[in-house]
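> The following block contains the structure, expressed as structure tokens.
The values are calculated or read from the model by the stated rules, or taken from the named source; none is laboratory data. All of these numbers come straight from a predicted model, not from anything done at the bench. Here the Cβ positions follow ideal geometry from the backbone for every residue, glycine too, while neighbour counts run over all protein chains shown.
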Amino acid sequence: MALAHLPRVPKGHGLRYAHASVKVPHFGLWLNGKWAEAQSGHTGEVLNPATGEKEATFAMGDAADIDEAVKSADQSFRSGEWSELNPRARGRVLNRAAELLRSALPEFVDMETRQTGRCLREYKAQLGRVPEWFEYHASYAAAKGFEGRLPSLTEADHINMVWRVPLGVCGLITPWNHPVLIAAKKISVALAAGNSVVVKPPLEAPVTVLRLGEVLSMAGLPPGTLQVVPGAGQTAGDALARHPMVEKLDFTGGTATGLQIQRSMAEAGRVRAYSAELGGNAPILVFSDTRKVQEAVDGVCFAAFVASGQTCVSGKRVLVQDEIFEEFQDALISKVTSLQVGNPLEEATDIGPVVSARQLERIEDQVARAKAGGAKAVTGGQRPSLEGLLGKGHFYEPTVLTGVSPENPAFVEEIFGPVISLSRFRDEEEALALANSSDYGLGGAIWTEDIRKAFRVARGLRCGLSWVNCHHRNDPSSPWGGFGQSGIGRENGPEAFEEYTTTKSLTIRTNETAENWFGSRSARYG
Ligand code: NAD
């Protein structure tokens, strides 16, 4: 289908166009290329974290719906309609999806903000880049991904060739904090590699992932190749983890959930590939040679407070060298107190709510325990008082804690909210020791003007992603993933493509000499 003839996503207010006659739109499961109701008959609600208003309802799938989705995805894989399609032809579909997504961005940005409470401004910037994931994986798969290998065997009369092939049905379990970005990172490479996919999006924010399923169908993806089944983690998520037809499970979320999924897979007696992008507790090391202290303060504020501190690489443990500590602290407090907390749909807002009442209570508990352990809030440390509907939102002031020892909960735990600790260090050795004294190892950043120090310290940081004089840069070509309790496997780049495929090795004997193992005592074995 030519791009010009593709159905365009109609313009409208949010996603309400889909159900223009009803105030609160309802979304089914996305199964076999169309909307379907859940066999459970259960319905979930998307509540706006800033106001408590109901933004949408959706069909909640359970184990029976997951079973249906996986079986159809498996059929689709076996049919070869997608899995055996030339990678360039698959790429054309993914490129069309990228274009469709671009044309539908305003709807996606609006709904993403309403679902999660993250600022509209952030989603405008972030979702504008999501189509690149489809484009990158489409071109990598077409140009390079499936190129085989001819390993050099020790025998000239045998040829060994290696094919790269897709896995089958891949199960994806995704979180609410970047609903579309994280789902798209995984879906794009899984499909480019020729797999079929079943996604279990988060209960808090399933709508945009459901819509992504619809967009891919509009682009020409065969029915059943991408299924989206929202549902509770303990039912639908668990059923996906245990399903015998799933060849790979790819999860992003909390470390405890990631471990539970490993247990479920083992209990179900399934051996399968598993990628897990888990929690983080990113250190930021600010060295005293940082010439422009204000620039570092601005960078740290972005790292710490974008998404109200709810990203896996949010800067959490800010470590500043003695010589500039006081200057940095004063500038940081002044910047943090200037941040506007408010309605995330308004462009001027810097800090929206956290995602739920439960998450807000968890942050309050963590800050209370941090204070009991000797920490002090030099700014923030409480809920703001907001008027009107926003009074019902789950807001927390951006908070800087000082007096945080390495044993304090604020240093040890991931606080998934707008709360950071500010500590000092003497020298490079102490900075690295503090930074690496965490079970997590996902993101980390360094602020310095000294290029040799930058490389040396980056090499010493025990984390999968590090940045110098910036934070949170992310690209489909660059691997993303952590060490230790931050997970296993990598998203993005050739690394992800390899994780969504496997190899087949074929050895061919070319000589005409008869081989008779039992008739000869000198034949080669292996
Ligand atoms: P979560 O672990 O509560 O939920 C993530 C997903 O898992 C949801 O879809 C949920 O329904 C599902 N789930 C829950 N219990 C399950 C079970 N028993 N079996 C199967 N599925 C289950 O995480 P969250 O609160 O949505 O996200 C926040 C966490 O995710 C943070 O720890 C954050 O650091 C992490 N995260 C990591 C990355 C990364 O790239 N490493 C990116 C984003 C978020």
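> Those residues that are closer than 28 Å to Asn195 by Cα and in contact with an Asp or Glu (Cβ under 9 Å, 6 or more places away or on another chain), I need them from segment 113-132; list them, please. Break it down stepwise before answering.
Taking segment 113-132 and keeping what is closer than 28 Å to Asn195 by Cα, we get 126-132.
Once the filter is applied, which keeps residues that are closer than 28 Å to Asn195 by Cα and in contact with an Asp or Glu (Cβ under 9 Å, 6 or more places away or on another chain), segment 113-132 yields Gln126, Leu127, Arg129, Pro131, Glu132.
> Filtering segment 275-299 down to residues that are of a type in the set (A, V, I, L, M) and within 25 Å of Arg490 (Cα to Cα), which residue is nearest to the ligand (Cβ to nearest atom)?
Among those that are of a type in the set (A, V, I, L, M) and within 25 Å of Arg490 (Cα to Cα), it is Leu278.
> Same structure again: Out of (1) assigned to a loop (DSSP other than H, G, I, E, B); (2) within 30 Å of Gly342 (Cβ to Cβ); (3) not small (Gly, Ala, Ser), the odd one out for Trp82 is which?
(2)
> For segment 207-244, how many residues are more than 9 Å from the ligand (Cβ to nearest atom) and either in contact (Cβ under 8 Å) with a residue 60 or more places away in the chain or within 20 Å of Arg118 (Cβ to Cβ) (or both)?
Residues that pass the stated criteria total 24.
> Among (1) of a type in the set (A, V, I, L, M, F, W, C); (2) in a helix (DSSP H, G or I); (3) within 16 Å of the chain's Cα centre (by Cα), where does Ala276 come up short?
Every listed condition holds for Ala276 apart from (2).
> Can you tell me which residue within segment 397-418, out of those that are more than 16 Å from the ligand (Cβ to nearest atom) and part of a loop (DSSP other than H, G, I, E, B), is surrounded by the fewest Cβ atoms within 10 Å (Cβ to Cβ)?
Going through the qualifying residues, I end up with Glu407.
> Check Leu191, Leu172, Leu167 and return the single one that is within 30 Å of Ser505 (Cβ to Cβ), touching a helix residue (DSSP H, G or I) at 6+ places or on another chain (Cβ under 6 Å) and modelled with pLDDT of 95 or more.
Working: Leu191 fails: touching a helix residue (DSSP H, G or I) at 6+ places or on another chain (Cβ under 6 Å); Leu167 fails: touching a helix residue (DSSP H, G or I) at 6+ places or on another chain (Cβ under 6 Å).
None of the others qualify; the one that does is Leu172.
> Is at least one residue of segment 361-381 surrounded by 22 or more Cβ atoms within 10 Å (Cβ to Cβ) and either without any contact (Cβ under 8 Å) to a residue 12 or more places away in the chain or not small (Gly, Ala, Ser) (or both)?
Within segment 361-381, one or more residues are surrounded by 22 or more Cβ atoms within 10 Å (Cβ to Cβ) and either without any contact (Cβ under 8 Å) to a residue 12 or more places away in the chain or not small (Gly, Ala, Ser) (or both).
> If you take the residues of segment 249-274 that are more than 8 Å from the ligand (Cβ to nearest atom) and crowded, with 23+ Cβ neighbours inside 10 Å, which of them is nearest to Trp480 (Cα to Cα)? Explain how you work it out, then say what you get.
Going through segment 249-274, the residues more than 8 Å from the ligand (Cβ to nearest atom) turn out to be 249-250, 259, 262-263, 265-274.
From the residues that got through so far, the ones that are crowded, with 23+ Cβ neighbours inside 10 Å too are 249-250.
Details: Leu249: 17, Asp250: 13 Å.
Checking each candidate, the answer is Asp250.
> If you take the residues in segment 48-71 that are free of Cβ contacts under 8 Å to residues at least 40 places away in the same chain and in a strand (DSSP E or B), which one is farthest from Val229 (Cα to Cα)?
Our first condition is that a residue be free of Cβ contacts under 8 Å to residues at least 40 places away in the same chain; within segment 48-71, this holds for 54, 57, 64, 68.
Subsequent filtering for residues that are in a strand (DSSP E or B) retains 54, 57.
Details: Lys54: 20, Thr57: 14 Å.
Selected residue: Lys54.
> Has segment 303-318 got at least one residue that is more than 16 Å from the ligand (Cβ to nearest atom) and in the same structural domain as Gly403 (by TED's automatic domain parsing)?
Keep residues of segment 303-318 that are more than 16 Å from the ligand (Cβ to nearest atom), which gives 318.
Next cut, in the same structural domain as Gly403 (by TED's automatic domain parsing) only: 318.
Yes, segment 303-318 contains a residue that is more than 16 Å from the ligand (Cβ to nearest atom) and in the same structural domain as Gly403 (by TED's automatic domain parsing).
> Kindly list, by first and then second residue, each pair from a residue in segment 336-356 that is of a type in the set (Asp, Glu) to a residue that is buried (at least 18 other Cβ atoms within 10 Å of the Cβ), limited to pairs with Cβ atoms under 6 Å and residues at least 6 apart or on different chains.
Listed pairs, sorted by first residue: Glu347/Arg121.
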